[in-house]
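Here's the structure we're looking at; comments come further down.
The values are calculated or read from the model by the stated rules, or taken from the named source; none is laboratory data. What you see is a predicted model; the values in this text were computed from it and never measured. Ideal geometry is used to build each Cβ from the backbone, glycine not excepted, and the neighbour counts take in all protein chains shown.
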Amino acid sequence: MKHLLNPLDFSVEELDSLLKLAGDIEKNPEKYAHACAGKKLATCFYEPSTRTRLSFEAAMLNLGGNVLGFASADSSSAAKGESVSDTIRVISCYADICAIRHPKEGAALVASSHSSIPVINAGDGGHQHPTQTLTDLLTIYSLKGHFDRLKVGFCGDLKFGRTVHSLIHALIRYPGIEFILISPEELRVPGYIREGVLDSDHIPYREVERLEDALPDLDILYMTRVQRERFFNEEDYIRMKDFYILDQNKMKLAPEDMLVLHPLPRVNEISVEVDNDPRAVYFRQAQYGVYVRMALILTLLDIHVA
Ligand code: CP
């Protein structure tokens, strides 16, 4: 039985197959409409979510399956003190596959070790968010056609942004990839990514504070919001929250074929006037999230559609 806990749980070849399957699902949705008939997906969300939970549910419904679950810790027996390991043992009796989001790093790993069904990490604290990474990869692959030799800028909260950490891990496996890390000093990527991943794998990168300094060089700009829920005090959050605002004036500095991605939700970091720029693909990205989660459910349930 396979779980998805970390974006590196799939090899480059497995990822390639998954993205191709997602592409086929996009083109031929009717072919997959009954692929999961009789199967159930449980969504166990201990933290708020719009996209991840609902795109998982849409994915299973599109495959002809059913969904059950809870949308907050308060509406589950976690509020009475039940552990994640007990909860997943019970969920294993009710469903065929489970997507779990939890504020604690490693919660999905704990769940997987007590589960008799595939477990998907739908975000664990500030650690990883592998299905957002699959979504980001499918968006880039579909719109750029490749991953090799891309120059990718990550902008905003690179300290707490788990989508950034997951996508860096995934992209370093492709040749010629380069990063520009755009953040204030206090929100730099953690040392375990900088030294443990980028330096140790000899990945070219530079760190800058001004978005304007990076924009002319980028193929992809990955914007992130400042993660209010991970700050220890509100004053620091307020000081940092509007550090970057991407607007049409700044977009004038960017190449014509640069893509702007954002995992969403957006707060203020992208002005709404950018939404109509053809380079702004963050809402298309949310749609790709459904196709890739459909492909993931089929892969983990080992369902093949001829
Ligand atoms: N991108 C993302 O994880 O969004 P949600 O928090 O709404 O699921």
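Computed values, structure above
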{"read-out": "Single condition Thr135 does not satisfy, out of (1) at pLDDT 95 or above; (2) at positive phi; (3) within 15 Å of the ligand (Cβ to nearest atom)", "value": "(2)"}
{"read-out": "Qualifying residue in the stretch 24-40 (condition: closer than 28 Å to Gly81 by Cβ, more than 19 Å from the chain's Cα centre (by Cα) and modelled with pLDDT of 95 or more)", "value": "yes"}
{"read-out": "Residue in the stretch 169-216 that is surrounded by the fewest Cβ atoms within 10 Å (Cβ to Cβ), counting only those that are touching a residue at least 40 places away in the same chain (Cβ under 8 Å) and touching a Pro at 6+ places or on another chain (Cβ under 8 Å)", "value": "His169"}
{"read-out": "All positions within the stretch 34-85 that are more than 16 Å from the ligand (Cβ to nearest atom) and free of Cβ contacts under 8 Å to residues at least 12 places away in the same chain", "value": "Leu61, Asp74, Ser75, Ser77, Ala79, Lys80, Gly81, Glu82, Ser83"}
{"read-out": "Candidates Asp219, Asp236 - the one that is more than 16 Å from the ligand (Cβ to nearest atom) and under 22 Å from the mean Cα position of the chain (by Cα)", "value": "Asp219"}
{"read-out": "Condition check for Lys31: more than 16 Å from the ligand (Cβ to nearest atom), touching a residue at least 40 places away in the same chain (Cβ under 8 Å) and over 30 Å from Ile172 (Cα atoms)", "value": "yes"}
{"read-out": "Elements of type helices (runs of 4 or more DSSP H) contained in the stretch 44-161, each with 1 or more residues being touching a strand residue (DSSP E or B) at 6+ places or on another chain (Cβ under 9 Å) and closer than 30 Å to Met240 by Cβ", "value": "51-62, 107-113, 130-144"}
{"read-out": "Qualifying residue in the stretch 264-283 (condition: at pLDDT 95 or above, in a helix (DSSP H, G or I) and under 30 Å from Ala33 (Cα atoms))", "value": "yes"}
{"read-out": "Meets criteria (of a type outside the set (D, E, K, R) and in a loop (DSSP other than H, G, I, E, B)) for Ala35", "value": "yes"}
{"read-out": "Filter result (surrounded by fewer than 18 Cβ atoms within 10 Å (Cβ to Cβ) and either basic (Lys, Arg) or at pLDDT 95 or above (or both)) within the stretch 93-105", "value": "Cys93, Tyr94, Lys104"}
{"read-out": "Test: residue in the stretch 113-124 that is farther than 30 Å from Phe147 by Cα, buried (at least 20 other Cβ atoms within 10 Å of the Cβ) and in contact with a helix residue (DSSP H, G or I) (Cβ under 7 Å, 6 or more places away or on another chain)", "value": "yes"}
{"read-out": "Total residues in the stretch 188-239, condition part of a strand (DSSP E or B) and farther than 15 Å from Thr163 by Cβ", "value": "4"}
